[in-house]
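In what follows, a structure is listed as structure tokens, so that the remarks can point back to it.
The values are calculated or read from the model by the stated rules, or taken from the named source; none is laboratory data. All values derive from a computational prediction rather than experimental measurement. Neighbour counts are summed over all protein chains in view; Cβ atoms, including those assigned to glycine, are modelled from backbone coordinates with ideal geometry. Each accessible area value is taken on the protein alone, full model and side chains, heavy atoms only, with ligands, DNA and RNA left out. Shrake-Rupley method; radii C 1.70, N 1.55, O 1.52, S 1.80 Å.
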Amino acid sequence: MLEIYAVELKNEIDKHLFEQVLNYIPENKKTRIKRFLKFEDSVRSLIAEVIIRKIIIAKLKIKNSDILFEAGEYGKPYLKDFPDFHYNISHSGQWVLCAISNMPVGIDVEIVKEMDLRIAERFFSEAETKDLLMKKENERLEYFFDLWTLKESYIKADGRGLHIPLNSFSFKIENEKITFNTQNELKQCFFKRYKIDNHYKLSVCSLASKFPDKISIIKGERLLSEFLQIFQSALS
Ligand SMILES: CC(C)(COP(=O)(O)OP(=O)(O)OC[C@H]1O[C@@H](n2cnc3c(N)ncnc32)[C@H](O)[C@@H]1OP(=O)(O)O)[C@@H](O)C(=O)NCCC(=O)NCCS
């Protein structure tokens with residue numbers, strides 16, 4: 001059963017709390033998190049690590065120290081030893097999103113920012129670019145990011161990321177209905193868009209057809225504090 005969790009990062013994260021939580025993260029991840037030049041990038045990365053660990057500890061009843069992540073051939077992370085546990089993470093601006101399921105899943109959140117929409121030709125199929133240009137000018141940017149997040153969710157559910165040609169599949173959104181077309185191997189998948197924030201777009205691709213109506217939202221600082229408590233308990 002698909003579940004979606006969102007972590008909101010609108011308030012600044014306390015540096016001391018950040019450092020404390022970091023102590024419970026394996027050395028290789030810790031180095032990666034600390035390597036970012038901007039603190040906000042490190043925070044997003046730590047939050048992503050913490051949200052999935054917290055979910056795994058709660059759902060699979062395993063210890064933090066027993067959690068072992070690996071990455072597939074094209075970089076999609078998965079939980080070793082639990083082949084029926086699927087998850088995917090996305091972060092952008094003030095949000096970190098995490099989807100878990102018993103079937104492969106892909107999630108993408110993007111901040112809607114001004115763009116030269118001519119780049120659509122590089123990323124979208126011909127049909128998608130045509131549909132985009134047919135939109136009223138004031139609707140184009142939103143439509144661009146709807147398509148973008150849908151496409152990302154698909155290549156992330158598949159796991160091959162940008163190794164899948166972006167013009168090998170197409171979306172059309174009409175009256176909230178998403179139509180998906182592809183000759184690719186992965187055809188049997190389902191899509192849903194969610195509204196979490198007026199400035200962001202969020203899409204999910206799932207190999208299971210049932211989607212939750214709601215997303216669980218938690219604030220970043222609260223997530224870190226709660227996690228610290230779990231880490232420090234006997235379970236960690
Ligand atoms: C890496 C990629 C899978 C997602 O990148 P992204 O949208 O920039 O980043 P997101 O925040 O949504 O997702 C990143 C997370 O996806 C996961 N991920 C990495 N490789 C993945 C893969 N092959 N499949 C699924 N998930 C993957 C990781 O958890 C990663 O988190 P990390 O960076 O903290 O390790 C890939 O699609 C990419 O490089 N995209 C670049 C943007 C682009 O050109 N998009 C065209 C869309 S039309």
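A few remarks follow.
- For the chain, the Kirkwood estimate of hydrodynamic radius, built from reciprocal distances between every pair of different alpha carbons, is 18.7 Å.
- Normalised contact order of the range 153-206, rounded percent, pairs of Cα under 8 Å and 6 or more residues apart: 30
- Residues of the chain: accessible area per residue with a 1.4 Å probe, Å²: 55
- Based on DSSP H segments of at least four residues, each scored -39500 (n - 2.57), the chain has a per-residue ellipticity at 222 nm of -11500 deg cm²/dmol.
- Length-normalised contact order for the chain - Cα pairs under 8 Å, 6+ apart - percent: 28
- Among 100, 119, 55, the residue with the largest mean-square fluctuation in a Gaussian network model of the chain, with springs joining Cα atoms closer than 10 Å, is 119.
- Among 191, 82, 39, residue whose mean-square fluctuation peaks in a GNM of the chain (springs only between Cα atoms under 10 Å): 82
- Among the chymotrypsin sites (Phe, Trp or Tyr not before Pro) found in the range 140-170, not one is both in a DSSP coil and sparsely packed, with 11 or fewer other Cβ atoms within 10 Å of its Cβ.
- Each other residue within a Cβ distance under 9 Å of residue 100 adds +1 if Lys or Arg and -1 if Asp or Glu, for a net charge of 0.
- Using equal-weight Cα scatterers in the Debye expression, the normalised intensity of the range 106-207 in log10 at q = 0.25 Å⁻¹ is -1.62.
- Within-12-Å neighbourhood charge of residue 174 [Cβ basis; K, R +1; D, E -1]: 0
- Charged neighbours of residue 76, selected by a Cβ distance under 12 Å, balance to -1 (K, R count +1; D, E count -1).
- By accessible area, using a 1.4 Å probe on protein heavy atoms only, the chain has 49% of its surface on carbon and sulfur.
- Mean-position separation - Cα centroids, the range 135-163 and the range 188-236, in angstrom: 19
- Relative contact order (%) - criterion: Cα under 8 Å, at least six apart; region: the range 106-207: 37
- Dipole in debye (nearest 20) - the chain, about Cα centre, beta carbon charges: Lys, Arg +1; Asp, Glu -1: 320
- Lys/Arg +1, Asp/Glu -1 at C-beta; the range 168-225 dipole; positive extreme among 205, 179, 194: 194
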